[in-house]
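Trainee: Could you have a look at this structure, given as structure tokens, before my questions?
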Amino acid sequence: MMHLFVNGLAASAGGGLTYLRNVLPQLSVRGDVQVTAAVNPQLSTEFCDLPRVSLAEIDPPAGIVMRFWREQSSLPALILKSGADVLVSAGNFALRKSSVPQILLSRNSLYTSTDFFRDLRQRREYRLWLETRIKGYMARRSIGWANRTVAPSEAFAQELRLWTGRRVAAIHHGFDREAFFRDSKPLPDAVRQKLDRDGDKDTLRLLYVSHYNYYRNFETLLRALPIMRERLGARKLKLFLTCRLHSEDNPGSYRARAAADLVKRLGVEDVVVELGAIPYSLLHQVYRECDVYVTPAYAESFAHPLVEAMASGLPVVASDLAVHREICQDGAIYFQRISPAELAEQVCWVAANGELSKQLSDRGMERSRDFSWKKHVDEVLILASDLLASKKARAI
């Protein structure tokens, strides 16, 4: 039986948390794998009852740099004590000296994004610019320390290869259709009231699933709204956001005031509906209340909401990134990522063309079936087995 040590200390929100919530249960049902997982103590109750999964207790300090050094100093002893055969580092940073073969999962596209660093300079976010540069340095060195590095898409894997000059494998993240649509509990009343279609049946309802941050490019989407409203004529327009445009309501240090002010300056307060964070188990109900999924992100490594939207039958309008084209293929139409006019044009084209909307919906649903967490775990375990076989061969 193979014993994996999974370092998930970095996961607290977004894609990292989605990853742990899907991968650890998949590993737990396999009879040929034992897992020791290091997770943030706040998440321990989510995973404590999984069979064949033990939790390693470590309380990471605040701040990425301090967390990095704590991992470097504390994890080697925990890995040795656990008796693990292979380390899976799931948070972009690897152990510099791992006593066992190490697979690094690298999924943060900001470290290679010239758009992000340009955006930070324009916003005068010099502290965040420096912090990201430091994290990028550690992430780049980590790829050299790991025995194998895995990216969640071929497009992002290619970025990492160009950035580091090293081998990087691409293994798509997955999607569990049955689990995603399983929970039938009603949405909270406050959310349900905001989504209510009564008296609003001819409204074009757009959805964007994301916390507020800079690289998801909210401002381009907001600037597109007045253009859409003019082109739609008598038809009403709503944009539903799964966040609030208040800095304190979002993870990280992104300042949302400029986006909130932009909503007022553009006169689209009646269009933008801030739902706030939605429990993941109920998110499928929000997708199904909307007509079009839109993402203007300028940096991405996989984009789980695209798969969720396609599985929910929504036509997708996405910024023209190589990652988006890889994930959606012909289940989406695309626009230049910093062009509000082009975004508006594509959305209005879908809204006015029922045949196109149905084609995108059908193609997207079919494409969503290509993603599987079981397949992802199987491929990671093949890599782990190969590393163990190479280790044994060198020992002979």
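The values are calculated or read from the model by the stated rules, or taken from the named source; none is laboratory data. Values in this document were obtained by computation on a predicted structure and should not be read as measured data. With ideal geometry, Cβ positions are generated from the backbone for all residues, glycine too; neighbour counts draw on all protein chains shown.
Trainee: Quick check on region 267-303: of everything there that is surrounded by fewer than 17 Cβ atoms within 10 Å (Cβ to Cβ) and assigned to a helix (DSSP H, G or I), which residue is modelled with the highest pLDDT?
Mentor: Once the filter is applied, the top-ranked residue is Leu282.
Trainee: Right, another one. Give the number of residues within region 326-357 that are among the charged types (D, E, K, R), surrounded by fewer than 16 Cβ atoms within 10 Å (Cβ to Cβ) and in contact (Cβ under 8 Å) with a residue 12 or more places away in the chain.
Mentor: Total satisfying the criteria: 1.
Trainee: If a residue counts only when it is modelled with pLDDT of 90 or more, which strands (runs of 3 or more DSSP E) contained entirely in region 13-131 have at least 3 such residues? Give the derivation first.
Mentor: On the way: elements: 33-39, 53-56, 86-89, 102-105.
By residue number, 33-39, 86-89, 102-105.
Trainee: I've got another one for you. Of the conditions (1) of a type in the set (A, V, I, L, M); (2) more than 23 Å from Asn7 (Cβ to Cβ); (3) touching a residue at least 60 places away in the same chain (Cβ under 8 Å), Leu162 fails just one. Which one is it?
Mentor: (3) is the only condition that Leu162 fails.
Trainee: Given the options Leu306, Leu321, Leu360, name the one that is touching a helix residue (DSSP H, G or I) at 6+ places or on another chain (Cβ under 9 Å) and either more than 22 Å from Arg107 (Cβ to Cβ) or surrounded by fewer than 16 Cβ atoms within 10 Å (Cβ to Cβ) (or both). Walk me through it before giving the result.
Mentor: Working: Leu306 fails: either more than 22 Å from Arg107 (Cβ to Cβ) or surrounded by fewer than 16 Cβ atoms within 10 Å (Cβ to Cβ) (or both); Leu321 fails: either more than 22 Å from Arg107 (Cβ to Cβ) or surrounded by fewer than 16 Cβ atoms within 10 Å (Cβ to Cβ) (or both).
Checking each option against the conditions leaves just Leu360.
Trainee: Any residue that is in contact with a strand residue (DSSP E or B) (Cβ under 8 Å, 6 or more places away or on another chain) and modelled with pLDDT under 95 - is there at least one of those in region 307-329?
Mentor: no
Trainee: Confirm whether Phe180 is buried (at least 17 other Cβ atoms within 10 Å of the Cβ), of a type in the set (A, V, I, L, M, F, W, C), at pLDDT below 95 and over 30 Å from Arg127 (Cβ atoms). Talk me through it step by step, then tell me what you get.
Mentor: Numbers: buried (at least 17 other Cβ atoms within 10 Å of the Cβ): yes; of a type in the set (A, V, I, L, M, F, W, C): yes; at pLDDT below 95: yes; over 30 Å from Arg127 (Cβ atoms): yes.
The answer is yes for Phe180.
Trainee: For the structure I just gave you, tell me whether Leu221 is assigned to a strand (DSSP E or B) and either under 27 Å from the mean Cα position of the chain (by Cα) or in the same structural domain as Gln346 (by TED's automatic domain parsing) (or both). Walk me through it before giving the result.
Mentor: Numbers: assigned to a strand (DSSP E or B): no; either under 27 Å from the mean Cα position of the chain (by Cα) or in the same structural domain as Gln346 (by TED's automatic domain parsing) (or both): yes.
Considered against the rule, which asks whether it is assigned to a strand (DSSP E or B) and either under 27 Å from the mean Cα position of the chain (by Cα) or in the same structural domain as Gln346 (by TED's automatic domain parsing) (or both), Leu221 comes out as no.
Trainee: Now a separate question. Check whether at least one residue in region 365-379 is touching a Gly at 6+ places or on another chain (Cβ under 9 Å), among the β-branched types (Val, Ile, Thr) and touching a residue at least 60 places away in the same chain (Cβ under 8 Å), and report yes or no. Give the steps one after another, and end with the answer.
Mentor: First, the residues of region 365-379 that are touching a Gly at 6+ places or on another chain (Cβ under 9 Å): 365-368, 371-377.
Remaining after also requiring among the β-branched types (Val, Ile, Thr): 377.
Those left that are additionally touching a residue at least 60 places away in the same chain (Cβ under 8 Å): 377.
Looking through region 365-379, at least one residue is touching a Gly at 6+ places or on another chain (Cβ under 9 Å), among the β-branched types (Val, Ile, Thr) and touching a residue at least 60 places away in the same chain (Cβ under 8 Å).
Here's the yes/no breakdown for (1) surrounded by fewer than 20 Cβ atoms within 10 Å (Cβ to Cβ); (2) in contact (Cβ under 8 Å) with a residue 60 or more places away in the chain; (3) not assigned by TED's automatic domain parsing to the domain that holds Leu130:
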{"site": "Glu71", "(1), (2), (3)": "no, yes, no"}
{"site": "Ala77", "(1), (2), (3)": "yes, no, no"}
{"site": "Leu80", "(1), (2), (3)": "yes, no, no"}
{"site": "Gly91", "(1), (2), (3)": "no, yes, no"}
{"site": "Lys97", "(1), (2), (3)": "yes, no, no"}
{"site": "Leu104", "(1), (2), (3)": "no, no, no"}
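Trainee: Restricting the search to region 183-216, which residues are at pLDDT 95 or above, aliphatic (A, V, I, L, M) and outside any loop (DSSP other than H, G, I, E, B)?
Mentor: Once the filter is applied, which keeps residues that are at pLDDT 95 or above, aliphatic (A, V, I, L, M) and outside any loop (DSSP other than H, G, I, E, B), region 183-216 yields Leu204, Leu206, Leu207.
Trainee: Please state which one of Pro305, Pro226, Pro296 is out of contact with any Ser or Thr (no Cβ under 9 Å at 6 or more places or on another chain) and in the same structural domain as Leu195 (by TED's automatic domain parsing). So that I can check it myself, show each step before the final result.
Mentor: Numbers: Pro305 fails: out of contact with any Ser or Thr (no Cβ under 9 Å at 6 or more places or on another chain); Pro296 fails: out of contact with any Ser or Thr (no Cβ under 9 Å at 6 or more places or on another chain).
It is Pro226.
Trainee: Return only the number of the condition from (1) touching a Gly at 6+ places or on another chain (Cβ under 8 Å); (2) buried (at least 20 other Cβ atoms within 10 Å of the Cβ) that Thr36 does not satisfy.
Mentor: (1)
Trainee: What's the total number of residues in region 134-166 that are β-branched (Val, Ile, Thr), touching a strand residue (DSSP E or B) at 6+ places or on another chain (Cβ under 7 Å) and assigned to a helix (DSSP H, G or I)?
Mentor: Going through region 134-166, the residues β-branched (Val, Ile, Thr) turn out to be 134, 143, 149-150, 164.
So of that shortlist, the ones also touching a strand residue (DSSP E or B) at 6+ places or on another chain (Cβ under 7 Å) come out as 143, 149-150.
Among the residues that remain, those that are also assigned to a helix (DSSP H, G or I) are: 143.
So the answer is 1.
Trainee: Among the residues of region 363-384, write down those that are more than 21 Å from Ala311 (Cβ to Cβ) and exposed (fewer than 14 other Cβ atoms within 10 Å of the Cβ). Write out each step before concluding.
Mentor: Step one: of region 363-384, the residues more than 21 Å from Ala311 (Cβ to Cβ) are 380-384.
Listed by number, the list holds a single entry, Ile382.
Trainee: Anything in region 42-59 that is within 17 Å of Ala90 (Cα to Cα) and touching a strand residue (DSSP E or B) at 6+ places or on another chain (Cβ under 9 Å)? List them, or say none.
Mentor: Residues of region 42-59 that are within 17 Å of Ala90 (Cα to Cα), as a first pass: 43-44, 47, 53-59.
Passing the criteria: Leu43, Ser44, Phe47, Val53, Ser54, Leu55, Ala56, Glu57, Ile58.
Trainee: Can you tell me which residue among Leu266, Leu241, Leu237 is touching an Asp or Glu at 6+ places or on another chain (Cβ under 8 Å) and either assigned by TED's automatic domain parsing to the domain that holds Gly354 or under 21 Å from Leu343 (Cα atoms) (or both)?
Mentor: Values: Leu266 fails: touching an Asp or Glu at 6+ places or on another chain (Cβ under 8 Å); Leu237 fails: touching an Asp or Glu at 6+ places or on another chain (Cβ under 8 Å).
Result: Leu241 is the single residue among Leu266, Leu241, Leu237 that is touching an Asp or Glu at 6+ places or on another chain (Cβ under 8 Å) and either assigned by TED's automatic domain parsing to the domain that holds Gly354 or under 21 Å from Leu343 (Cα atoms) (or both).
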